[in-house]
Amino acid sequence: MTLLILLYIFFHIGGFWILRASPSQKKEMGLFFGLTTLGAVLWGSIILRHPLDVNKAIGWMLSHWL
Amino acid sequence: MEQANLSGWQLFNLTLVFIIGTSFILLPGSLIADAKQYGWLVFIWAFLYGIILGGLWLYLSSKFPGLSIVQIAVQVLGKWAGGFVSLLYVLFFIQIASWVTRNMSDFMHINVMPRTPLSVFNIMILAVCAYAVVKGIESIAMVCELLSLLLTLPFWIPFSIMIQEWDWQNFNVPYVFHPWETFLNTRYALAFPFMETVSFMMIFPFAGRRLNLAFLSGIGFAGINLTLSILFTIGVLGVERASHLIYPIFIIFREMEFTNFIEHLESVLSINILLIVCIKLSLLFYCAVLAICQLFEVKERGVVAYPLIWIISAYALFFKNIVENVNWVKMYLFNYYALYAIVIPAVLIICARMRKKGRFRKRETAT
């Protein structure tokens, strides 16, 4: 988990460093932050052995609604 | 949006590689298990269905030239409903990319490098694909064009050599063929790989001349290739053995022996699979990135592509094992893909027609 958090922080530092050099807008920075955070949450759920399993959720929805 | 132009030949190759992608390693085993010696027949029906669906998407695309499915949804359904549909497509592209990544890492883990964790394969291949996505669709298409011959020949030459092992008795398995029941049980073959090709609606705007011919013939040629490979697998390995293997084509290559000189060609097949899957994954990754960029009006693809590695690599690990993956595909895949490949495009066509009629009536009443 510590490794994941460190990787997440370094990825952000690197990403924002590169984005700062290019004429990017706030929207792009927000998208970068949002997507990385979503990915980190998914990874965190796998590491904690409580995966936010979208496949299971879709399967459940299809078998209940159809 | 990227200023790219794809030739008909490039689109044909992309369609071919996209459809053959992971299906030629995963599909034969399941299809032979469910349809026995008639597996190849089921696949003919599947690829004809794929061609009809391709016609539907091309029709929708021809009504909105130069627009991708995400842009069409926003134009037809408005900002909010269209935005929601676009988000669904983003999720769809990410999901297929994740499943393709998982198929590749499972294959490498089971057959080639059993001690390497799945996540290592996932992250490495996704990093390469993200780079390809940032470089653009033309780069992906050129790589595909360059490799298509290299991918086809090392596959079909050993396969043709193995024809000496062909046994017609393999087709005499006691099995009563009930067409409708069999087609219903094997409907996942319609979804995987043919309904996935709805992703090409993101790429149609880049295709120049002969779009229809290139796309439909790509589906047809890939269908013939896959039908032949299923037929060969039945003829060479037999129904009983092929239906109990996850990767029957890989086993054919492993057991192949030609004049005691050429043998164990599975390494050639592994490289082939890695390259084909890499192209398919790059294409799906590109569709996901392009859809996000178009939806949020972002110009830099790198801003979206690299963070997506986090999401796709995590999503790819949700299936506990390959059995869970195969079961999910058999139970839910067709119904799930129907939403994206049939329902939404059909709704968009109907809504576009209604809007057109509404405008026409308004004009008539105004004059």
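A short reminder: the numbers here are calculations on the coordinates, not readings from a lab. Note that this is a predicted model, so its numbers are computed, not measured. Cβ placement follows ideal geometry from the backbone for every residue including glycine, while neighbour counts extend to all protein chains displayed.
Peptide B:287-296 has a mean shielding of 1, counted as Cβ atoms of other protein chains within 10 Å of each residue's Cβ. Counting only alpha carbon atoms, the long axis of helix B:8-20 and the longest principal axis of chain B meet at about 60°. Distant-in-sequence amide contacts of residue B:207, defined by a placed amide H-H separation under 5 Å and a gap of 5 or more residues or a different chain, comprise B:6. Under the rule that an exposed site lies in a DSSP loop and has at most 16 other Cβ atoms within 10 Å, name the longest stretch of chain B with no chymotrypsin sites (Phe, Trp or Tyr not before Pro) of that kind, not counting the sites themselves. The reported range is B:1-165.
Across region B:221-228, computed HN-Hα scalar couplings (Karplus, 6.51 cos²θ - 1.76 cosθ + 1.60, θ = phi - 60°) run 5, 5, x, 5, 4, 5, 4, 5 Hz from first to last residue, x flagging Gly and Pro. Contact order, relative form, for chain B: 39 percent (alpha carbon pairs under 8 Å, 6 or more residues apart, mean separation divided by residue count).
Quote the FRET efficiency, to the nearest 0.05, computed for residue B:87 versus residue B:166 with a Förster distance R0 of 51 Å and r equal to the Cβ-Cβ distance. Calculated transfer efficiency: 0.55. Each residue in B:266, B:324 was given a count of other beta-carbon atoms within 10 angstrom of its own, and listing them fewest first yields B:324, B:266. Computed from the C-beta positions of residue A:29 and residue B:361 and an R0 of 51 Å, the FRET efficiency is 0.65 to the nearest 0.05. Here the sum of -39500 (n - 2.57) over DSSP H runs of 4 or more residues, divided by the residues of chain B, equals -24500 deg cm²/dmol at 222 nm, to the nearest 500.
From the alpha carbon centroid of region B:317-367 to that of region B:82-131 is 24 Å. When each full DSSP H helix of chain A is screened for a Cα extent of at least 20 Å along its own axis and an average Kyte-Doolittle hydropathy of at least 0.0, the helices passing are A:2-21, A:26-47. For peptide A:40-53, the mean count of partner chain Cβ atoms within 10 Å of a residue's Cβ comes to 3. Between residue B:3 and residue B:258, the simple spin-label model (points 7 angstrom out along Cα→Cβ) gives 4.8 nm. What range in chain B is the longest one free of trypsin sites (Lys or Arg not before Pro) that are in a loop by DSSP and have at most 13 other Cβ atoms within 10 angstrom? Segment B:1-114 is the longest. What shape does chain A have by the C-alpha gyration tensor, where a ≥ b ≥ c are the square roots of the eigenvalues, rounded means a/c under 1.5, and otherwise prolate means a/b greater than b/c and oblate the rest? Oblate, since a/c reaches 1.5 and b/c is not below a/b.
Placing unit charges on the Cβ atoms of the charged side chains and taking the dipole of chain B about its Cα centre, the candidate lying farthest along the positive direction among B:275, B:287, B:144 is B:287.
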